[in-house]
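These notes are about the structure you will find just below.
Nothing in this text is a laboratory measurement; each read-out follows from the coordinates by a stated rule. Just so it is clear, the structure is predicted and the values come from calculations on it, not from any experiment. Quick reminder, even Gly has a Cβ in these numbers, built from the backbone with ideal geometry, and neighbours come from all protein chains shown.
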């Protein structure tokens, strides 16, 4: 079940290892509209076994598959194709955001269009970014610094900007040569489903992009998996602290974007009317 105007082939399944598979939990997550409090969709709920399956698929794709061994330019071709598939589905992405978040339908195209444009821009970095460079060295005539992919990356996005935040995490990881496990918020997972379908349509190798939707316990299990090399998380400070502790305990990389809503400080010598006008048009 998906909202009107959002066509997802397998909302009752997870995308793991290039296949749409049933969740071992046998459970579904209900998506409730903040506007009407009605159920507007249902997606498969991943359990701990599903999280492990996703890590195993991403690990195999990175260790044994072609993705990490491709040149950045070769990867960029695939990521651009994925961006093209996402461009085709911007109307659906906008409807999904409105239905799940309860945001203004008039604002949704701005959110989705900007995110897709950013995804395409990141794809272009495959050609322009310096992945290997020569640097002076006191030990040898020339030192070559090569930037290599971290490995298996987990991308965890919040409910409020599920497409924009998740798509950036995924695009950067793919261009770098990582394989990715998408773990969207259980309140807003539909954009991740569309992204998984876009990856499939673009022909990305099996296991390079995976999708699991689950609650806090299953997500905690995911970041503890020793097969995960990198976690990119945007969300609450409490959850971020937990992820930081888990990653530190096994010396895994993590990037944490945490906290509240970017409080503004207005000094007493600044016109209050002007401050209100500026802040009223600002998204924080």
| field | Global form of region 1-118, assessed from the alpha-carbon gyration tensor, a/c cut-off 1.5 | value | oblate
| said: Taking 35 Å as R0, compute the FRET efficiency from the Cβ-Cβ separation of residue 224 and residue 107 and round it to 0.05. | reply: 0.40
| Stretch residue 148-residue 255 to full length: gain in nm at 0.36 nm per residue minus the Cα-Cα span? | 36.8 nm
| task | Could you tell me whether region 133-284 comes out rounded, prolate or oblate from its Cα gyration tensor? Rule is a ≥ b ≥ c as square roots of the eigenvalues, rounded for a/c under 1.5, then prolate if a/b exceeds b/c, otherwise oblate. | result | oblate
| remark: Residue separation between residue 206 and residue 138 times 0.36 nm, minus their alpha-carbon distance, gives in nm 20.1 nm
| request: Please figure out what share of the DSSP beta bridges in the chain is antiparallel and state it in percent, rounded to the nearest 5. | output: 45 percent
| query | Between region 45-95 and region 206-229, how many Å separate their Cα centres? | reply | 14 Å
| Which residue fluctuates the most in the chain, going by a Gaussian network model with Cα springs under 10 Å, if the choices are 48, 38, 200? | 38
| query | How would you classify region 196-271 from its alpha-carbon gyration tensor, with a ≥ b ≥ c the square roots of the eigenvalues: rounded for a/c under 1.5, else prolate if a/b is greater than b/c, otherwise oblate? | reply | oblate
| request: Using a Gaussian network model of the chain whose springs link C-alpha atoms within less than 10 Å, name the residue from 117, 61, 96 with the highest mean-square fluctuation. | output: 117
| note | Length gained if residue 1 through residue 281 is fully extended, taking 0.36 nm per residue and subtracting the Cα-Cα distance, is 97.3 nm
| said: Can you compute the modelled spin-label distance between residue 49 and residue 237, with each label point 7 Å from Cα toward Cβ, in nm? | reply: 3.9 nm
| note | For 22-28, 108-114, ranked highest to lowest by mean beta-carbon neighbours within 10 Å, the order is 108-114, 22-28
| task | Show me 225-234, 207-216, 137-146, 120-129 ranked by packing, highest mean number of other Cβ atoms within 10 Å first. | result | 207-216, 225-234, 120-129, 137-146
